[in-house]
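The block underneath contains the structure these notes are about, expressed in structure tokens.
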Amino acid sequence: DLFEDRVLGWHLEIARCMITINEDKGNKYSEIMAHSGFAVLSVIFNYFEMIGKYKNPDVNKPRELFYLGFEDVYPEYSNPNCAKNLYEEGRCGMYHSGITGKGIDISGGYQKSVIYEDKRNLVHINPHILVRDLIKHFSNYIDKLRNSKQSDSLIENFEKAFSKY
């Protein structure tokens, strides 16, 4: 319960609220929040590493954890360049330079949360849909944890990772 509350309350629901304020055109903050996609990504990009860590507690490399988490959320993206771009140009760009790199395009107009364009090595991100995808993924993960037996590797891995904090 504590883990669920922290992840939702400190990250995912905050990001969802930012998107919701943006979508509420009658809200006095909607004009300011019209470009909230970048800020939303800065709040939620850690999700991939986090979920990678809870499912793979013996892995200690952030890049690998990000890839494992991204693959868990989006198994349909088998091209490793998509996760690589998201990590290097998206996550690292934002966290280390304050901006995304040239391999990232952010827009609320895309029909999917993540679209990878192989020819241009470009990742298109719709933060509005991405937030919803991550909330859904997290909810499914929590449901699986709650319904796991104590001997299941999912709960063993979670407990191993969570006990470090």
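The values are calculated or read from the model by the stated rules, or taken from the named source; none is laboratory data. Worth saying up front: this structure is predicted, and the values here are computed from it rather than measured. Glycine also receives a Cβ, built like all others from the backbone with ideal geometry; neighbour counts cover every protein chain displayed. Surface areas here come from the heavy atoms of the whole protein model, side chains and all, with no ligands, DNA or RNA. Shrake-Rupley method; radii C 1.70, N 1.55, O 1.52, S 1.80 Å.
A few comments on the model shown:
- Candidate set: the stretch 121-165, residues that are of a type in the set (Phe, Trp, Tyr), open to solvent by 20 Å² or more (accessible area, probe 1.4 Å) and under 22 Å from VAL43 (Cβ atoms); chosen: the one farthest from the chain's Cα centre (by Cα): TYR165
- Filtered residues of the stretch 73-120 (kept if of a type in the set (A, V, I, L, M, F, W, C) and surrounded by 14 or more Cβ atoms within 10 Å (Cβ to Cβ)): VAL73, CYS82, ALA83, LEU86, CYS92, MET94, ILE104, ILE106, VAL114, ILE115
- Some residue of the stretch 124-135 being part of a helix (DSSP H, G or I) and without any contact (Cβ under 8 Å) to a residue 40 or more places away in the chain: yes
- Looking across TYR54, TYR95, one residue alone is touching a helix residue (DSSP H, G or I) at 6+ places or on another chain (Cβ under 6 Å) and either of a type in the set (Phe, Trp, Tyr) or in a helix (DSSP H, G or I) (or both). It is TYR54.
- Subset of the stretch 7-48 that is under 15 Å from the mean Cα position of the chain (by Cα) and open to solvent by 70 Å² or more (accessible area, probe 1.4 Å) - its residue that is modelled with the lowest pLDDT: PHE38
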